[in-house]
1. Relative contact order (percent) for the chain, with alpha-carbon contacts under 8 angstrom and 6 or more residues of separation?
2. Could you name the aspartates and glutamates whose alpha carbon sits less than 15 Å from that of Lys109, not counting residues in the same chain fewer than 8 places away?
3. Show Leu46, Leu252, Leu290 ordered by accessible area, largest first, where the area counts protein heavy atoms only and the probe is 1.4 Å.
4. Please get the size of the charge dipole for segment 339-410, origin at its Cα centre, with Cβ charges of +1 on Lys and Arg and -1 on Asp and Glu, quoted in debye to the nearest 20.
5. Which cross-chain or sequence-distant (5 or more) residues have an amide H under 5 Å from the amide H of Val194, H modelled 1.01 Å from N in plane?
6. May I ask you to list, by number, the DSSP H helices of the chain whose Cα span along the axis is at least 15 Å and whose average Kyte-Doolittle hydropathy reaches 0.5 or more?
7. So how much accessible area does Phe402 have, in Å² to the nearest 10, using a 1.4 Å probe?
8. Taking the Cβ of Glu62 as the centre, find all other residues whose Cβ is under 14 Å away and add up their charges (Lys, Arg: +1; Asp, Glu: -1).
Amino acid sequence: MDERMNAHKIAQKLLMQCEELAKISEWPDSVLRQYLTPEHKAANKLVAQWMCEAGLVCWHDEVGNIWGRLISEQPDAEHLVLGSHLDTVPNAGKYDGILGVLMAIEAAKALRKQGVKLPFHLDIVGFADEEGTRFGTTLIGSQAVAGHFNRDWLNLTDAEGTTLLEAMQHFELNPGLARKAALKPDALLGYWEVHIEQGPVLASQNCSVGIVTSIAGARRARISVQGKAGHAGTTPMHLRNDAAVAAAELTLAIESLAQKTQAGEVATVGSIQVPQGAANVIAGQCDMLLDVRAGADANRDELISAIEQSAQQIAEARGVSIRFDWYHKASAEPCSSEFQSIFEDAAQQLDIQTPHLPSGAGHDAMAMAAITPIGMLFVRSPNGISHNPEECVYSTDVAAAFSVLHQSLMDFSRRYQGV
Ligand SMILES: [Zn+2]
(Lines give C-alpha, C1' and ligand atoms only; values in the text may rest on other atoms or scores of the structure.)
Protein backbone atom coordinates (compact mmCIF):
# COMPACT_ATOMS: atom_id res chain seq x y z
CA MET A 1 0.00 0.00 0.00
CA ASP A 2 1.11 3.56 -0.73
CA GLU A 3 2.91 4.96 2.36
CA ARG A 4 0.72 8.05 2.50
CA MET A 5 -2.52 6.05 2.35
CA ASN A 6 -1.16 3.79 5.05
CA ALA A 7 -0.34 6.75 7.33
CA HIS A 8 -3.91 8.03 6.90
CA LYS A 9 -5.34 4.65 7.84
CA ILE A 10 -3.12 4.57 10.92
CA ALA A 11 -4.18 8.13 11.86
CA GLN A 12 -7.84 7.07 11.69
CA LYS A 13 -7.10 4.12 13.93
CA LEU A 14 -5.20 6.30 16.42
CA LEU A 15 -8.12 8.72 16.67
CA MET A 16 -10.50 5.84 17.32
CA GLN A 17 -8.19 4.47 20.01
CA CYS A 18 -8.05 7.94 21.65
CA GLU A 19 -11.87 7.92 21.69
CA GLU A 20 -11.86 4.48 23.26
CA LEU A 21 -9.38 5.46 25.98
CA ALA A 22 -11.42 8.58 26.74
CA LYS A 23 -14.30 6.31 27.76
CA ILE A 24 -12.17 5.10 30.67
CA SER A 25 -12.96 8.02 32.96
CA GLU A 26 -13.77 8.67 36.62
CA TRP A 27 -16.47 11.07 35.47
CA PRO A 28 -19.41 9.93 33.34
CA ASP A 29 -19.66 12.99 31.09
CA SER A 30 -16.06 14.14 30.71
CA VAL A 31 -12.56 12.75 30.96
CA LEU A 32 -10.67 12.41 34.24
CA ARG A 33 -8.11 9.68 34.71
CA GLN A 34 -5.87 10.05 37.74
CA TYR A 35 -2.85 8.18 39.02
CA LEU A 36 -3.40 4.84 40.80
CA THR A 37 -7.16 4.76 40.28
CA PRO A 38 -9.19 1.84 38.85
CA GLU A 39 -9.33 3.91 35.64
CA HIS A 40 -5.52 4.09 35.53
CA LYS A 41 -5.49 0.29 35.83
CA ALA A 42 -8.10 -0.12 33.10
CA ALA A 43 -6.24 2.26 30.76
CA ASN A 44 -2.96 0.39 31.33
CA LYS A 45 -4.75 -2.88 30.58
CA LEU A 46 -6.17 -1.61 27.29
CA VAL A 47 -2.87 -0.06 26.21
CA ALA A 48 -1.06 -3.29 27.15
CA GLN A 49 -3.48 -5.18 24.94
CA TRP A 50 -2.70 -2.83 22.03
CA MET A 51 1.02 -3.21 22.72
CA CYS A 52 0.70 -7.00 22.63
CA GLU A 53 -1.29 -6.83 19.38
CA ALA A 54 1.56 -4.73 17.97
CA GLY A 55 3.98 -7.53 18.81
CA LEU A 56 5.62 -5.81 21.77
CA VAL A 57 6.67 -7.50 25.00
CA CYS A 58 4.72 -5.78 27.73
CA TRP A 59 5.05 -5.07 31.47
CA HIS A 60 4.31 -2.42 34.08
CA ASP A 61 6.99 -0.99 36.31
CA GLU A 62 7.20 -0.30 40.06
CA VAL A 63 5.30 3.00 39.92
CA GLY A 64 2.56 1.94 37.49
CA ASN A 65 3.98 3.07 34.13
CA ILE A 66 3.07 0.70 31.30
CA TRP A 67 5.87 -0.49 28.97
CA GLY A 68 6.12 -2.35 25.67
CA ARG A 69 9.31 -3.36 23.89
CA LEU A 70 10.10 -4.13 20.28
CA ILE A 71 13.03 -6.39 20.99
CA SER A 72 16.23 -6.05 19.01
CA GLU A 73 18.04 -9.18 17.96
CA GLN A 74 21.38 -7.48 18.65
CA PRO A 75 23.10 -8.76 21.77
CA ASP A 76 23.61 -6.05 24.45
CA ALA A 77 21.39 -3.68 22.49
CA GLU A 78 20.86 -0.20 23.88
CA HIS A 79 17.40 1.33 24.29
CA LEU A 80 15.56 4.14 22.55
CA VAL A 81 12.52 5.13 24.63
CA LEU A 82 9.38 6.58 23.04
CA GLY A 83 6.34 7.68 24.99
CA SER A 84 4.19 10.20 26.76
CA HIS A 85 1.53 10.02 29.50
CA LEU A 86 -1.87 8.37 29.94
CA ASP A 87 -3.24 10.34 32.92
CA THR A 88 -5.38 13.46 32.47
CA VAL A 89 -6.46 16.70 34.12
CA PRO A 90 -10.13 17.03 35.16
CA ASN A 91 -12.49 17.73 32.24
CA ALA A 92 -9.68 16.83 29.88
CA GLY A 93 -9.35 16.38 26.16
CA LYS A 94 -8.71 13.03 24.50
CA TYR A 95 -5.24 13.59 23.02
CA ASP A 96 -2.94 15.27 25.55
CA GLY A 97 -0.25 12.65 26.20
CA ILE A 98 -2.35 9.73 24.99
CA LEU A 99 -1.78 10.39 21.28
CA GLY A 100 2.00 10.22 21.77
CA VAL A 101 1.87 6.84 23.50
CA LEU A 102 -0.46 5.28 20.92
CA MET A 103 1.46 6.73 17.96
CA ALA A 104 4.69 5.23 19.32
CA ILE A 105 3.01 1.80 19.51
CA GLU A 106 1.83 2.10 15.91
CA ALA A 107 5.31 3.15 14.77
CA ALA A 108 6.82 0.08 16.45
CA LYS A 109 4.13 -2.09 14.89
CA ALA A 110 4.80 -0.67 11.42
CA LEU A 111 8.54 -1.35 11.74
CA ARG A 112 7.89 -4.91 12.86
CA LYS A 113 5.47 -5.53 9.99
CA GLN A 114 8.02 -4.17 7.51
CA GLY A 115 10.59 -6.58 8.92
CA VAL A 116 12.93 -3.72 9.93
CA LYS A 117 15.64 -5.09 12.21
CA LEU A 118 16.47 -2.38 14.73
CA PRO A 119 19.95 -2.35 16.24
CA PHE A 120 18.44 -1.12 19.54
CA HIS A 121 15.45 -2.04 21.66
CA LEU A 122 12.51 0.25 21.05
CA ASP A 123 10.82 0.79 24.42
CA ILE A 124 7.38 2.41 24.46
CA VAL A 125 6.18 3.91 27.75
CA GLY A 126 2.81 5.19 28.89
CA PHE A 127 3.70 7.34 31.90
CA ALA A 128 1.28 7.00 34.80
CA ASP A 129 1.28 10.51 36.23
CA GLU A 130 2.38 13.58 34.34
CA GLU A 131 -0.36 16.03 35.28
CA GLY A 132 -0.12 15.64 39.06
CA THR A 133 -3.90 15.94 39.34
CA ARG A 134 -4.34 13.54 42.27
CA PHE A 135 -1.37 14.17 44.56
CA GLY A 136 -0.31 17.66 43.44
CA THR A 137 3.16 16.62 42.29
CA THR A 138 3.71 16.45 38.54
CA LEU A 139 5.77 13.96 36.51
CA ILE A 140 5.80 11.20 39.15
CA GLY A 141 5.93 8.50 36.44
CA SER A 142 8.81 9.95 34.43
CA GLN A 143 10.72 11.26 37.46
CA ALA A 144 10.72 7.73 38.90
CA VAL A 145 12.07 6.39 35.60
CA ALA A 146 14.73 9.12 35.66
CA GLY A 147 15.78 7.96 39.14
CA HIS A 148 14.21 10.89 40.99
CA PHE A 149 11.43 9.20 42.92
CA ASN A 150 11.32 11.08 46.22
CA ARG A 151 10.33 8.90 49.19
CA ASP A 152 8.67 11.94 50.84
CA TRP A 153 6.07 11.77 48.07
CA LEU A 154 4.66 8.63 49.74
CA ASN A 155 3.15 10.94 52.39
CA LEU A 156 1.36 13.15 49.86
CA THR A 157 -2.42 12.91 50.14
CA ASP A 158 -5.24 13.18 47.62
CA ALA A 159 -8.50 15.10 48.19
CA GLU A 160 -9.89 12.17 50.24
CA GLY A 161 -6.84 11.98 52.50
CA THR A 162 -5.49 8.78 50.90
CA THR A 163 -1.70 8.81 50.90
CA LEU A 164 0.37 7.96 47.85
CA LEU A 165 1.71 5.00 49.85
CA GLU A 166 -1.80 3.65 50.44
CA ALA A 167 -2.81 4.27 46.83
CA MET A 168 0.24 2.35 45.57
CA GLN A 169 -0.57 -0.58 47.84
CA HIS A 170 -4.17 -0.52 46.67
CA PHE A 171 -2.88 -0.62 43.08
CA GLU A 172 -0.84 -3.70 44.09
CA LEU A 173 2.47 -1.87 43.85
CA ASN A 174 5.12 -2.16 46.54
CA PRO A 175 6.02 1.44 47.57
CA GLY A 176 9.33 0.18 48.93
CA LEU A 177 10.36 -0.76 45.40
CA ALA A 178 9.39 2.52 43.69
CA ARG A 179 13.00 3.49 43.10
CA LYS A 180 13.50 0.31 41.08
CA ALA A 181 11.55 1.98 38.27
CA ALA A 182 14.73 3.97 37.50
CA LEU A 183 16.44 3.20 34.18
CA LYS A 184 20.20 2.92 33.79
CA PRO A 185 21.31 5.99 31.80
CA ASP A 186 24.25 4.11 30.23
CA ALA A 187 21.90 1.83 28.32
CA LEU A 188 19.82 4.68 26.88
CA LEU A 189 20.13 6.28 23.45
CA GLY A 190 17.45 8.88 24.03
CA TYR A 191 13.81 9.65 24.69
CA TRP A 192 11.39 10.80 21.99
CA GLU A 193 7.95 12.19 22.67
CA VAL A 194 5.17 13.16 20.28
CA HIS A 195 2.65 15.50 21.91
CA ILE A 196 -0.06 17.90 20.85
CA GLU A 197 1.27 21.46 20.89
CA GLN A 198 -1.37 22.80 23.31
CA GLY A 199 -0.75 26.26 21.90
CA PRO A 200 -1.55 28.25 18.73
CA VAL A 201 1.87 28.54 17.02
CA LEU A 202 1.62 25.70 14.46
CA ALA A 203 -1.99 26.64 13.71
CA SER A 204 -0.93 30.24 13.07
CA GLN A 205 1.73 29.01 10.62
CA ASN A 206 -0.65 26.49 9.04
CA CYS A 207 1.72 23.60 9.76
CA SER A 208 0.85 20.06 10.85
CA VAL A 209 3.98 19.16 12.76
CA GLY A 210 6.69 21.07 14.61
CA ILE A 211 10.10 20.21 16.02
CA VAL A 212 10.61 21.24 19.63
CA THR A 213 13.86 23.09 20.32
CA SER A 214 13.63 23.11 24.11
CA ILE A 215 11.18 22.86 26.96
CA ALA A 216 10.89 26.29 28.51
CA GLY A 217 12.29 27.04 31.92
CA ALA A 218 9.91 28.93 34.18
CA ARG A 219 10.13 31.22 37.18
CA ARG A 220 7.19 32.39 39.22
CA ALA A 221 6.93 35.26 41.69
CA ARG A 222 4.47 36.64 44.17
CA ILE A 223 4.63 40.41 43.74
CA SER A 224 3.53 42.56 46.61
CA VAL A 225 2.84 46.25 45.91
CA GLN A 226 2.59 48.40 49.03
CA GLY A 227 1.02 51.84 48.68
CA LYS A 228 -1.09 53.94 51.02
CA ALA A 229 -4.79 53.31 51.62
CA GLY A 230 -6.97 56.41 51.59
CA HIS A 231 -10.46 57.79 51.14
CA ALA A 232 -11.52 57.63 47.49
CA GLY A 233 -13.42 60.90 47.86
CA THR A 234 -11.14 63.08 49.96
CA THR A 235 -7.65 62.26 48.64
CA PRO A 236 -6.73 64.39 45.60
CA MET A 237 -5.21 62.49 42.67
CA HIS A 238 -1.73 64.04 43.08
CA LEU A 239 -1.52 62.98 46.74
CA ARG A 240 -2.14 59.30 46.18
CA ASN A 241 0.15 56.25 46.43
CA ASP A 242 -2.29 53.84 44.79
CA ALA A 243 -1.06 50.21 44.88
CA ALA A 244 -3.65 49.02 42.33
CA VAL A 245 -2.64 51.61 39.74
CA ALA A 246 1.04 50.79 40.28
CA ALA A 247 0.20 47.10 39.78
CA ALA A 248 -1.69 47.95 36.60
CA GLU A 249 1.26 49.98 35.28
CA LEU A 250 3.64 47.15 36.14
CA THR A 251 1.40 44.62 34.36
CA LEU A 252 1.50 46.70 31.18
CA ALA A 253 5.27 47.13 31.52
CA ILE A 254 5.70 43.35 31.86
CA GLU A 255 3.64 42.77 28.73
CA SER A 256 5.60 45.32 26.76
CA LEU A 257 9.01 43.98 27.93
CA ALA A 258 8.03 40.40 26.99
CA GLN A 259 6.76 41.58 23.59
CA LYS A 260 10.16 43.14 22.86
CA THR A 261 12.09 39.86 23.42
CA GLN A 262 13.63 38.05 20.46
CA ALA A 263 13.33 34.35 21.31
CA GLY A 264 9.67 33.90 22.12
CA GLU A 265 9.93 34.59 25.86
CA VAL A 266 6.57 34.94 27.61
CA ALA A 267 5.52 36.67 30.82
CA THR A 268 2.08 36.51 32.38
CA VAL A 269 0.46 38.27 35.30
CA GLY A 270 -2.19 35.66 36.03
CA SER A 271 -3.65 37.15 39.21
CA ILE A 272 -4.10 40.68 40.58
CA GLN A 273 -5.87 41.15 43.89
CA VAL A 274 -6.54 44.04 46.21
CA PRO A 275 -6.99 42.50 49.67
CA GLN A 276 -10.16 43.85 51.31
CA GLY A 277 -10.64 46.17 48.36
CA ALA A 278 -13.69 48.42 48.24
CA ALA A 279 -15.08 50.89 45.74
CA ASN A 280 -14.49 53.88 48.01
CA VAL A 281 -10.99 53.01 49.24
CA ILE A 282 -7.69 53.71 47.43
CA ALA A 283 -5.80 50.40 47.35
CA GLY A 284 -3.10 50.29 50.03
CA GLN A 285 -1.88 46.92 48.85
CA CYS A 286 -2.03 44.83 45.69
CA ASP A 287 -0.88 41.21 45.29
CA MET A 288 0.07 39.81 41.90
CA LEU A 289 1.26 36.47 40.54
CA LEU A 290 3.83 36.45 37.73
CA ASP A 291 5.00 33.58 35.49
CA VAL A 292 8.00 34.04 33.17
CA ARG A 293 9.14 31.39 30.67
CA ALA A 294 11.81 31.09 28.00
CA GLY A 295 13.49 28.41 25.93
CA ALA A 296 16.87 29.33 27.47
CA ASP A 297 17.49 30.22 31.12
CA ALA A 298 19.71 33.19 30.21
CA ASN A 299 16.91 34.78 28.15
CA ARG A 300 14.42 34.19 30.95
CA ASP A 301 16.70 35.77 33.55
CA GLU A 302 17.43 38.75 31.29
CA LEU A 303 13.69 39.40 30.97
CA ILE A 304 13.28 39.04 34.73
CA SER A 305 15.95 41.63 35.49
CA ALA A 306 14.30 44.05 33.02
CA ILE A 307 10.97 43.50 34.80
CA GLU A 308 12.53 44.12 38.22
CA GLN A 309 14.21 47.27 36.94
CA SER A 310 10.95 48.55 35.53
CA ALA A 311 9.20 47.76 38.84
CA GLN A 312 11.81 49.83 40.65
CA GLN A 313 11.14 52.84 38.39
CA ILE A 314 7.38 52.53 38.80
CA ALA A 315 7.76 52.22 42.59
CA GLU A 316 9.88 55.39 42.75
CA ALA A 317 7.57 57.38 40.50
CA ARG A 318 4.46 56.40 42.44
CA GLY A 319 5.83 56.37 45.99
CA VAL A 320 5.02 52.71 46.56
CA SER A 321 7.19 49.70 47.29
CA ILE A 322 7.24 46.62 45.04
CA ARG A 323 8.65 43.32 46.34
CA PHE A 324 9.26 40.12 44.35
CA ASP A 325 9.17 36.74 46.07
CA TRP A 326 10.47 34.17 43.52
CA TYR A 327 8.93 30.93 44.76
CA HIS A 328 9.33 28.60 41.76
CA LYS A 329 12.23 27.91 39.41
CA ALA A 330 12.58 25.25 36.71
CA SER A 331 15.44 25.14 34.26
CA ALA A 332 14.89 24.99 30.52
CA GLU A 333 15.67 21.62 28.95
CA PRO A 334 17.13 21.86 25.44
CA CYS A 335 16.20 19.13 22.95
CA SER A 336 19.07 17.21 21.36
CA SER A 337 20.28 18.92 18.19
CA GLU A 338 21.00 15.48 16.69
CA PHE A 339 17.38 14.41 17.19
CA GLN A 340 16.14 17.74 15.84
CA SER A 341 18.16 17.21 12.66
CA ILE A 342 16.92 13.61 12.31
CA PHE A 343 13.30 14.83 12.54
CA GLU A 344 14.05 17.65 10.11
CA ASP A 345 15.65 15.31 7.54
CA ALA A 346 12.77 12.85 7.85
CA ALA A 347 10.21 15.61 7.33
CA GLN A 348 12.09 16.94 4.29
CA GLN A 349 12.09 13.51 2.66
CA LEU A 350 8.32 13.44 3.19
CA ASP A 351 7.88 17.02 1.96
CA ILE A 352 6.39 18.05 5.31
CA GLN A 353 7.17 21.52 6.63
CA THR A 354 8.29 21.42 10.26
CA PRO A 355 8.89 24.75 12.00
CA HIS A 356 11.08 24.70 15.10
CA LEU A 357 9.48 26.00 18.27
CA PRO A 358 10.04 25.92 22.02
CA SER A 359 7.56 24.17 24.29
CA GLY A 360 6.04 26.57 26.78
CA ALA A 361 4.40 23.71 28.69
CA GLY A 362 6.15 21.05 30.76
CA HIS A 363 6.32 17.43 29.54
CA ASP A 364 7.66 14.04 30.65
CA ALA A 365 10.65 14.75 28.39
CA MET A 366 11.75 17.33 31.00
CA ALA A 367 12.22 14.59 33.58
CA MET A 368 13.82 12.21 31.07
CA ALA A 369 16.35 14.91 30.11
CA ALA A 370 18.09 14.20 33.41
CA ILE A 371 19.24 10.80 32.13
CA THR A 372 19.24 10.89 28.33
CA PRO A 373 19.03 13.26 25.32
CA ILE A 374 15.46 14.18 24.43
CA GLY A 375 13.59 14.87 21.19
CA MET A 376 10.02 16.11 20.81
CA LEU A 377 7.58 16.50 17.93
CA PHE A 378 4.47 18.65 18.25
CA VAL A 379 1.21 18.00 16.46
CA ARG A 380 -0.86 21.11 15.66
CA SER A 381 -3.58 21.97 18.20
CA PRO A 382 -6.39 23.55 16.16
CA ASN A 383 -7.30 26.83 17.93
CA GLY A 384 -4.53 26.10 20.43
CA ILE A 385 -7.05 24.53 22.82
CA SER A 386 -5.96 21.92 25.38
CA HIS A 387 -6.83 20.69 28.89
CA ASN A 388 -10.43 21.00 27.75
CA PRO A 389 -13.00 18.70 26.09
CA GLU A 390 -12.72 20.90 22.98
CA GLU A 391 -9.11 19.79 22.51
CA CYS A 392 -8.84 18.25 19.04
CA VAL A 393 -6.45 17.17 16.31
CA TYR A 394 -6.76 16.87 12.54
CA SER A 395 -6.44 13.37 11.17
CA THR A 396 -4.14 14.66 8.41
CA ASP A 397 -1.81 16.16 11.05
CA VAL A 398 -1.74 12.88 12.96
CA ALA A 399 -0.83 11.10 9.71
CA ALA A 400 1.96 13.61 9.05
CA ALA A 401 3.36 13.26 12.58
CA PHE A 402 3.22 9.47 12.31
CA SER A 403 5.10 9.56 9.01
CA VAL A 404 7.82 11.83 10.44
CA LEU A 405 8.19 9.62 13.52
CA HIS A 406 8.32 6.43 11.47
CA GLN A 407 10.85 7.84 8.99
CA SER A 408 12.95 9.27 11.83
CA LEU A 409 13.13 5.85 13.48
CA MET A 410 14.33 4.24 10.26
CA ASP A 411 16.87 7.01 9.67
CA PHE A 412 18.12 6.90 13.27
CA SER A 413 18.49 3.14 13.00
CA ARG A 414 20.58 3.50 9.83
CA ARG A 415 22.71 6.27 11.37
CA TYR A 416 23.26 4.13 14.46
CA GLN A 417 24.56 1.31 12.29
CA GLY A 418 26.73 3.73 10.34
CA VAL A 419 24.89 2.99 7.08
ZN1 LIG B 1 0.59 16.27 28.27
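1. 22
2. Glu3, Glu53, Asp123
3. Leu252, Leu46, Leu290
4. The dipole of segment 339-410 has a size of about 80 debye.
5. Amide H neighbours of Val194, under 5 Å, 5+ apart: Gly83, Leu377.
6. Membrane-span-like by this criterion, though nothing is claimed about a membrane: 98-114, 243-259.
7. Per-residue accessible area (Phe402): approximately 10 Å².
8. 0
The values are calculated or read from the model by the stated rules, or taken from the named source; none is laboratory data. This structure is a prediction, so every number in the text was calculated from the model and none was measured. We place every Cβ from the backbone using ideal geometry, glycine too, and count neighbours over all the protein chains shown. All accessible areas refer to the heavy atoms of the entire protein, side chains included, with ligands and DNA or RNA removed. Shrake-Rupley method; radii C 1.70, N 1.55, O 1.52, S 1.80 Å.
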